[in-house]
1. Given a cut-off of under 8 Å on Cα pairs at least six residues apart, what relative contact order in percent is computed for the range 13-109?
2. Give me Met92, Met39 ranked fewest to most by other Cβ atoms within 10 Å of their Cβ, as a rough exposure proxy.
3. Considering the dipole of the range 13-109 built from charges on the beta carbon (Lys and Arg +1, Asp and Glu -1) around the Cα centre, which of Tyr15, Val101, Leu63 is farthest to its positive end?
4. From the phi of every residue in the range 12-25, what ³J(HN,Hα) in whole Hz does the Karplus formula 6.51 cos²θ - 1.76 cosθ + 1.60 yield, where θ is phi - 60° and glycine or proline is x?
5. Specify which residue in the list Gly81, Val51, Pro30 is farthest towards the positive end of the charge dipole of the chain, using unit charges on the beta carbon of Lys, Arg (+1) and Asp, Glu (-1), about the Cα centre.
6. Roughly how many whole Å is it from the C-alpha centroid of the range 19-37 to that of the range 44-94?
7. The list (1) 1.08; (2) 1.24; (3) 1.32 gives values of Cα Rg over 2.2 N^0.38 Å, and only one came from this structure; which label was calculated from it?
8. Just check the range 29-73 against the gyration tensor rule for me: Cα atoms, a ≥ b ≥ c as the square roots of the eigenvalues, rounded for a/c under 1.5, and otherwise prolate or oblate depending on whether a/b exceeds b/c.
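We did not get these values from a lab; they are worked out from the coordinates using the rules stated. Quantities reported herein were computed from a predicted structural model and do not represent experimental measurements. A quick note on method: Cβ atoms are made from the backbone with ideal geometry, for glycine too, and the neighbour counts reach across all protein chains shown.
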Amino acid sequence: MSDEKPVKASRQQVYTLLVQVGRKPGDDLPAKATGGALMCYASGVDEAEAVRETVAILKQADLAVLEVEGHGSLDEQKEAGVEIDPEEEALMLRALDENSVIVAQMTALYD
């Protein structure tokens with residue numbers, strides 16, 4: 001009889017989130033920016049968990065989260081026929097493997 005435990009399949013998925021942030025002291029956005037947009041890849045058992053984890057991490061980074069727009073899981077995007085760049089998919093899979101949030105792109109916004 002083996003002492004090894006059976007490997008349990010992960011229920012985690014990776015989600016693409018577009019996060020809009022406002023200004024806050026210490027946010028490291030350019031001086032004249034009015035806010036920013038971040039493309040994030042976050043793991044979670046569902047999109048709501050991925051959003052919660054992303055917001056918590058961004059708040060720790062002194063960012064003022066205004067809105068989060070979910071674009072679905074990697075599987076949902078592929079099923080919908082969305083073309084995903086191999087570099088983006090690699091970042092998504094890294095977020096899934098590390099059970100983390102990855103900020104793939106940050107763009108300053110100006111009025």
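1. 43
2. Met39, Met92
3. Going by the charge dipole, the pick is Leu63.
4. Running phi through 6.51 cos²θ - 1.76 cosθ + 1.60 with θ = phi - 60° gives 5, 10, 10, 10, 9, 10, 9, 10, 9, 10, x, 8, 7, x Hz.
5. Pro30
6. Their Cα centres are 20 Å away from one another.
7. Comparing each candidate, only (2) matches the computed number.
8. prolate
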